[in-house]
Amino acid sequence: MTLTPTRPGADERALADLQHTHGRALLQFLLGLTYGDRQRAEDLLQETMVRAWQHPEAFEGPYESMRPWLFTVGRRLAIDARRSRLARPAEVSDNVLESTPAPGDLTERSAAALDVRQAVRALSPEHRDVLVQIYFHGLSVHEAASTLGIPAGTVKSRSHYALRALSRKLPGYRAAPPCGRPT
């Protein structure tokens, strides 16, 4: 099959034959490369056919079928398109802003922070020290144990009892059950 741009009717027929013979298989291949995005796959199929029309010399090679050439061109186009999308920053639409929760009332947040501070001050110094290390300084159990000079099991025990004490002092607060068991 030869595409020759000098004969307007012949190259269009040859391209139509090429599309008819290999189009469905190429589209399925491109659907796989685009993770099922039919619109992108169809765009890539169309661009592959344009490349075939632009490069009639490819059809004069020693190939039995043009399918491998078409699949190679389609795969390279898909790779280029993906790299191009990844190089650009992600687009942000108004939908993201609409789904973002509005900041809460600062008065309520301030009151809650005061309640938490008051409840933490009411804890024993040992329980308070463990919670400060784990929750306010972000240390792990082992890091908190090392900092406080106590065993890791003691840190776990004190944090458990400190959280239980806070749950009694803070309205609306409920500690997560340990290890998925109900409290």
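None of the figures in this text is laboratory data; all of them are computed from the coordinates on show. Note that the structure is a prediction, hence the values are computed from the model and not measured. Please note: Cβ atoms are built from the backbone with ideal geometry, for glycine as well, and neighbour counts cover all protein chains shown.
Semi-axes of region 106-180's equivalent ellipsoid from the Cα gyration tensor, sqrt of 5 times each eigenvalue, largest first, rounded to whole Å? List each step's numbers first, then the result.
On the way: eigenvalues 103, 38, 24 Å².
Each semi-axis is √(5λ); the values are 23, 14, 11 Å.
Here the spin labels are modelled as points 7 Å beyond Cα on the Cα-Cβ line, and at Q39 and H142 they lie 5.0 nm apart. Residues in region 66-81 carry Karplus couplings, in order, of 8, 4, x, 5, 4, 5, 5, 4, x, 5, 5, 5, 5, 5, 4, 5 Hz; the curve used is 6.51 cos²θ - 1.76 cosθ + 1.60 with θ = phi - 60°, and Gly or Pro positions show x. Each other residue within a Cβ distance under 15 Å of Q19 adds +1 if Lys or Arg and -1 if Asp or Glu, for a net charge of -2.
If N is the number of residues in region 8-89, what value comes out of its Cα radius of gyration divided by 2.2 N^0.38 Å? Mind dumping the intermediate values first?
Numbers: Rg = 13.2 Å, N = 82, 2.2 N^0.38 = 11.7 Å.
The reported ratio for this selection is 1.13.
Here the calculated FRET efficiency for Q28 and R88, from their Cβ-Cβ distance with R0 = 30 Å, stands at 0.60, rounded to the nearest 0.05.
Within the set of other residues whose C-beta is less than 11 Å from the C-beta of F29, count the net charge using Lys and Arg as +1 and Asp and Glu as -1. My count for the surroundings of F29 gives +3.
Per-residue counts of other Cβ atoms within 10 Å, averaged by peptide: what ranking do you get for 11-17, 21-27, 112-118, highest first?
Numbers: 11-17: 14.6, 21-27: 16.6, 112-118: 12.1.
My ranking of the peptides, most packed first, is 21-27, 11-17, 112-118.
Please give the length that would be gained between R128 and T72 if that part of the chain were fully extended, namely 0.36 nm times their separation in residues minus their C-alpha to C-alpha distance (nm, one decimal).
13.6 nm
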